[in-house]
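What follows is a short report on a single structure.
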Amino acid sequence: MAKLTTVNLEKSADVARLRDVAMTLTNVLQFGAFERTRAVTAVVELGRNAIEHGQKGRATFSLTEVEGKPALGLLVTDQGRGIPKEKLQPDGAPSSSTGMGLGLRGVQRIATRFDVETGHEGTRIEAVFRSSANLSADARLIDQATEALNDLSMKDPTAALSEQNRELSEGITERDLLMQELHHRTGNNLALIAALIRMSKSRAQQPETQQVLTELEVRVGALSKAHELMQRGKETGKVDLAQMAAEVARTSERAFSGESLDANIEVTCAELMLDSKLAIDIGLIIGELITNAFKYAFTGRESGTIRVDVSGDLQSGIALVVSDNGIGLPSDAERPERSNSLGWRLIRTLTFQHDATLTVDGSDGLRVCIKFPAQS
């Protein structure tokens, strides 16, 4: 069997394209006038029902053989609800159709070979139409069919371009679905890792170990939420920064707040769709700055407030401000932005990658401002 061409079936205009292709290929296979009329009618009937009752479908033509002689093969698939069993009986009583069953019995009688697979996920129909002409099934016949189809496309370039555009659109849709599945699985794996980290933290005896695991939990949690948001998002590769910031804050608050400290995190951020790379990096920065506030801002205190403010837009640039009402920085304290800790190294690296500027003010609590340039 050699595949020749595929026609997508979504709207009534596609039936005309289907008819033209069927006429072209039956001419190549030298169908007689009556044979051609019957075969083309059957092809059109299957295509029309795929559109009307199967939501959307696809018709694939091929060159096959019956008893050593060339024949026209057709595979029609749809995404409908399937065909009731009684409609598949050649001698059954006529009834209304909810799938590709309309006219099905007539096609069964016309086709040389006919096979149906149907279920709730859709229907797959294979039909073969044989010509009475004495032809040999060889490579020359495939070349003739290909050339005839090319000539048909040249006569109607608009239809050919429309088909190419539709194939491209389907490819993009398929890619988007694959990306959503990838984000779903990655997010689930990261969520599992975060759960294992929490279990390990609950069993850890040393405060230093608990602290390290808590910081790791926040980082992994931020990445997990990012993939979850990308999987749910309407735009592929885009993340709503407002949701990202809120999720990171919620994860951090749950991870750090305890009996000794009750800190409240306030987030102010309007809906802002960003490229996933930028949104994830900002989310990681927010997580690191909240972590530092929990670790150092409220020494000797039982409560405190951390604020996350995001302003601006893609055209003017984005300003991220994370501040707290903690003890601030003593005049002789090491500047945190020059700290060699893992958290501040990560903040500096991510800031540099996006050509952003970083300023720190420790006069009244700690206030960290990172300004990201306009996004072209």
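The values are calculated or read from the model by the stated rules, or taken from the named source; none is laboratory data. Computed from a predicted structure; not experimentally measured. In this analysis, Cβ positions are derived from the backbone assuming ideal geometry, glycine residues included, and neighbour counts consider all displayed protein chains. Just so you know, the surface numbers come from the protein's heavy atoms only, side chains and all, with ligands and any DNA or RNA stripped out. Shrake-Rupley method; radii C 1.70, N 1.55, O 1.52, S 1.80 Å.
A Cβ distance below 7 Å, combined with a sequence gap of six or more or placement on separate chains, defines the contacts here; from the stretch 303-317, residues that are at positive phi reach residues that are in a strand (DSSP E or B) and open to solvent by 60 Å² or more (accessible area, probe 1.4 Å) in the pairs G317/K371. Scanning the stretch 1-51 for residues that are without any contact (Cβ under 8 Å) to a residue 60 or more places away in the chain and polar (S, T, N, Q) yields T6, S12, T37, N49. Name every residue in the stretch 111-143 that is open to solvent by 90 Å² or more (accessible area, probe 1.4 Å), at pLDDT below 85 and among the charged types (D, E, K, R), in order of residue number. Once the filter is applied, which keeps residues that are open to solvent by 90 Å² or more (accessible area, probe 1.4 Å), at pLDDT below 85 and among the charged types (D, E, K, R), the stretch 111-143 yields only E121. Filtering the stretch 260-319 down to residues that are small (G, A, S) and under 21 Å from S224 (Cα atoms), which residue is farthest from the chain's Cα centre (by Cα)? Ranking the qualifying residues of the stretch 260-319, first place goes to G287. In the stretch 1-40, the qualifying residues are those that are over 22 Å from Q55 (Cα atoms) and part of a loop (DSSP other than H, G, I, E, B), and the one that is most open to solvent (accessible area, probe 1.4 Å) is M1. Would you tally the residues in the stretch 38-76 being of a type in the set (V, I, T), within 29 Å of the chain's Cα centre (by Cα) and modelled with pLDDT of 90 or more? Looking only at that region, the number is 2. What do you reckon, is A319 small (G, A, S) and closer than 22 Å to A242 by Cβ? Yes. Scan the stretch 266-285 and give yes if some residue there is open to solvent by 30 Å² or more (accessible area, probe 1.4 Å), part of a loop (DSSP other than H, G, I, E, B) and β-branched (V, I, T), otherwise no. Checking the stretch 266-285: not a single residue is open to solvent by 30 Å² or more (accessible area, probe 1.4 Å), part of a loop (DSSP other than H, G, I, E, B) and β-branched (V, I, T).
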